[in-house]
Amino acid sequence: KSLRLVRPQGVFAELRHLTVCRQGLVKDLNREINRLHGVLDVLFPELIGLFKNHIGKGLLELLKTTACPAQITRLGEQAIAELLRGKTRGKLGINRAGLIVQTAQTSIGIKEGQVILELELRQLLDRLEFIQKQLKEIEQTIKVIIKKVPDIDILLSIPAIGVISLATILGEVGDMQR
């Protein structure tokens, strides 16, 4: 006996295409995050270490405003605290802002070429936002399409298997009843 290749059909083919597309977007997102970290390593290397989530809302909002240590120092604790508080629903505030300003004052980031790095940073942030939007759209579509799978409620009740993981498995395996 030999193995026979069976391509997924119908809803399973749709799930396969969606999950492959999602995997590509996740790779793109990781690539852009790495580039973002690379720019920050030159411009303000200490900044990422001040945030638990290296692409969290607070950090990204601060970067949209500025990533230049001198500008952060000029903005001051109060302005940065308000910015962080607004984006993190109050989780980050004056204490974190004070730490950011204090770190900016002693940063070892480069002084020359900051304008170019800030331009690159803004473009990276735009790409990150765009990829995240596309990823969200794909994931929402997966959640709609997967509902068409027979007995999906039973499959989703399996512990530690989420919608995306299940969609990936079903997209690769196809109809398990065949």
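The values are calculated or read from the model by the stated rules, or taken from the named source; none is laboratory data. All figures in this text were calculated on a predicted structure; none of them were measured in a lab. Positions of Cβ are backbone-derived with ideal geometry, glycine not excepted, and every protein chain shown enters the neighbour counts. Only protein heavy atoms, including side chains, enter the accessible area calculation; ligands, DNA and RNA are left aside. Shrake-Rupley method; radii C 1.70, N 1.55, O 1.52, S 1.80 Å.
Out of Phe44, Phe51, I need the residue that is under 16 Å from the mean Cα position of the chain (by Cα), more than 17 Å from Glu129 (Cα to Cα) and either open to solvent by less than 80 Å² (accessible area, probe 1.4 Å) or of a type in the set (A, V, I, L, M) (or both). Which one? Walk me through how you get there before you give the answer.
Values: Phe44 fails: under 16 Å from the mean Cα position of the chain (by Cα).
None of the other options fit; the residue is Phe51.
Checking Asp175 against (1) open to solvent by 40 Å² or more (accessible area, probe 1.4 Å); (2) over 30 Å from His37 (Cα atoms); (3) not in a loop (DSSP other than H, G, I, E, B), only one condition comes out false. Which one?
Against the list (1) open to solvent by 40 Å² or more (accessible area, probe 1.4 Å); (2) over 30 Å from His37 (Cα atoms); (3) not in a loop (DSSP other than H, G, I, E, B), Asp175 comes up short only on (3).
Taking only segment 19-35 into account, find how many residues are in contact with an Asp or Glu (Cβ under 9 Å, 6 or more places away or on another chain) and buried (at least 17 other Cβ atoms within 10 Å of the Cβ).
Residues in segment 19-35 being in contact with an Asp or Glu (Cβ under 9 Å, 6 or more places away or on another chain) and buried (at least 17 other Cβ atoms within 10 Å of the Cβ): 2 in total.
Test each condition in (1) charged (D, E, K, R); (2) assigned to a loop (DSSP other than H, G, I, E, B); (3) open to solvent by 60 Å² or more (accessible area, probe 1.4 Å) for Arg96 and report the one that comes out false.
(2)
Of all residues in segment 167-178, which are free of Cβ contacts under 8 Å to residues at least 40 places away in the same chain and within 14 Å of His17 (Cα to Cα)?
Filtering segment 167-178 down to residues free of Cβ contacts under 8 Å to residues at least 40 places away in the same chain leaves 169, 176-177.
Result: Ile169, single match.
Of all the residues that make up segment 33-82, how many are in contact with a Ser or Thr (Cβ under 6 Å, 6 or more places away or on another chain) and assigned to a loop (DSSP other than H, G, I, E, B)?
Matching residues across segment 33-82 total 2.
Could you please find all residues in segment 99-116 being over 22 Å from Gly76 (Cβ atoms) and either surrounded by 12 or more Cβ atoms within 10 Å (Cβ to Cβ) or among the small types (Gly, Ala, Ser) (or both)?
Selection gives Ile110, Gly113.
With exposed (fewer than 13 other Cβ atoms within 10 Å of the Cβ) and under 30 Å from Ile146 (Cα atoms) as the only criterion, which of Arg7, Arg16 stands out?
Arg7
Go through segment 99-115 and give me each residue that's assigned to a helix (DSSP H, G or I) and either under 22 Å from Gly38 (Cβ atoms) or touching a Lys or Arg at 6+ places or on another chain (Cβ under 8 Å) (or both).
Pass one, segment 99-115, residues assigned to a helix (DSSP H, G or I): 99-105, 114-115.
If the condition is that a residue be assigned to a helix (DSSP H, G or I) and either under 22 Å from Gly38 (Cβ atoms) or touching a Lys or Arg at 6+ places or on another chain (Cβ under 8 Å) (or both), then Ile100, Thr103, Ala104, Gln114, Val115 are the ones that fit.
Has segment 162-169 got at least one residue that is among the hydroxyl-bearing types (Ser, Thr, Tyr), outside any helix (DSSP H, G or I) and open to solvent by less than 60 Å² (accessible area, probe 1.4 Å)?
There is no residue in segment 162-169 that is among the hydroxyl-bearing types (Ser, Thr, Tyr), outside any helix (DSSP H, G or I) and open to solvent by less than 60 Å² (accessible area, probe 1.4 Å).
Considering every residue within segment 75-97, establish whether at least one is within 30 Å of Leu170 (Cα to Cα) and either over 25 Å from the mean Cα position of the chain (by Cα) or free of Cβ contacts under 8 Å to residues at least 60 places away in the same chain (or both).
no
Which residues, counting only those in segment 130-159, are in contact (Cβ under 8 Å) with a residue 60 or more places away in the chain, surrounded by 13 or more Cβ atoms within 10 Å (Cβ to Cβ) and assigned to a helix (DSSP H, G or I)?
Ile131, Gln132, Gln134, Leu135, Ile138, Glu139, Thr141, Ile142, Ile145, Ile146
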